[in-house]
Amino acid sequence: MSVVGELILVRHGQSLANVAFPAADKHGLLEAEVTGRDAEVPLTEVGEAQAAAVGAWLATLPAEQVPEVVITSPYRRARETWRIAADSSGLDLPAPVTDDRLVDRLLGDLEMLTLAAVAQRFPDEAGRRSEAGEYRYAPPSGESFADVEARLATFLTDLNQDHAGERVVVVAHDAVVLMMRAVIQNLGWDEVIAMERAEGTVRNASISQFLDRDGQLELVRYNDVDHLPSI
């Protein structure tokens, strides 16, 4: 089986939504201090510094380990993370391309709503979610984690075919990193939950790395933030 030589998954740096929604949910607010489409949410200053730290890490790589292919989510926060990282690295890196299969989990009618707003506007969703289970639950017009896993499986198949033996960086979202690991390691949902409990949620600007070992992608680091400054 042909696979990429190396796959590095980077979650985007801290975004405005990463700060605004937890703050709003903590106080039970109906509105968060961020508006617009999820795809256009920008990085915070902290997120920009985190992206620069990813670039500083790239600059430490030996020449034979510099990425040959870069693919990002089309969302602004992912594209900006790579732009800043690439600029900060000082390296001659390949131009990035985007792939729609790397978008964050689509929340449909619940996109950009606080928990309080969801409870008010969609009172039946809590019951639907409980009945379906976290893996199968899809918000109205949105997608489930099973759906995310399915689109990433096709992405990985194409990636291995198109870039066999190459060093690839993917910049995307926490759901993408989590479910990409599930696809690569063939993890069931219970195993995904146990792994997340043991290793934590996917952190902003974290690095996860897989290497080709005899035609199989082997995890060598996951959710690593040792390269980030204490900010």
Q: With the condition kept exactly as written, say whether any residue in segment 63-73 is acidic (Asp, Glu), under 30 Å from residue 138 (Cβ atoms) and out of contact with any strand residue (DSSP E or B) (no Cβ under 7 Å at 6 or more places or on another chain).
A: no
Q: Take residue 196 and decide whether it is more than 24 Å from residue 79 (Cα to Cα) and in contact with a strand residue (DSSP E or B) (Cβ under 8 Å, 6 or more places away or on another chain).
A: no
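Out of 20, 95, 51, I need the residue that is within 15 Å of the chain's Cα centre (by Cα) and more than 26 Å from residue 150 (Cβ to Cβ). Which one?
51
Could you pull out the residue among 23, 32, 17 that is over 16 Å from residue 82 (Cα atoms) and part of a loop (DSSP other than H, G, I, E, B)?
Going through 23, 32, 17 in turn, just one is over 16 Å from residue 82 (Cα atoms) and part of a loop (DSSP other than H, G, I, E, B): 32.
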Q: Output the residues belonging to segment 1-45 that are acidic (Asp, Glu) and crowded, with 16+ Cβ neighbours inside 10 Å.
A: 6, 38
Q.
Here's a check for you: in segment 57-77, which residue that is touching a residue at least 40 places away in the same chain (Cβ under 8 Å) and in contact with a Gly (Cβ under 9 Å, 6 or more places away or on another chain) is least open to solvent (accessible area, probe 1.4 Å)?
A. 77
Q | Restricting segment 157-186 to residues that are of a type in the set (D, E, K, R) and in contact with a strand residue (DSSP E or B) (Cβ under 9 Å, 6 or more places away or on another chain), the residue that is farthest from residue 73 (Cα to Cα) | A | 166
Q) Based on what the data block shows, is residue 60 modelled with pLDDT of 95 or more and of a type in the set (Ser, Thr, Tyr)? A) yes
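The values are calculated or read from the model by the stated rules, or taken from the named source; none is laboratory data. Keep in mind that this is a model prediction, so the values were computed, not measured. Counting neighbours? That spans all protein chains shown, and the Cβs are built from the backbone with ideal geometry, glycine included. What goes into the accessible areas is simple: the full protein's heavy atoms, side chains included, and nothing from ligands, DNA or RNA. Shrake-Rupley method; radii C 1.70, N 1.55, O 1.52, S 1.80 Å.
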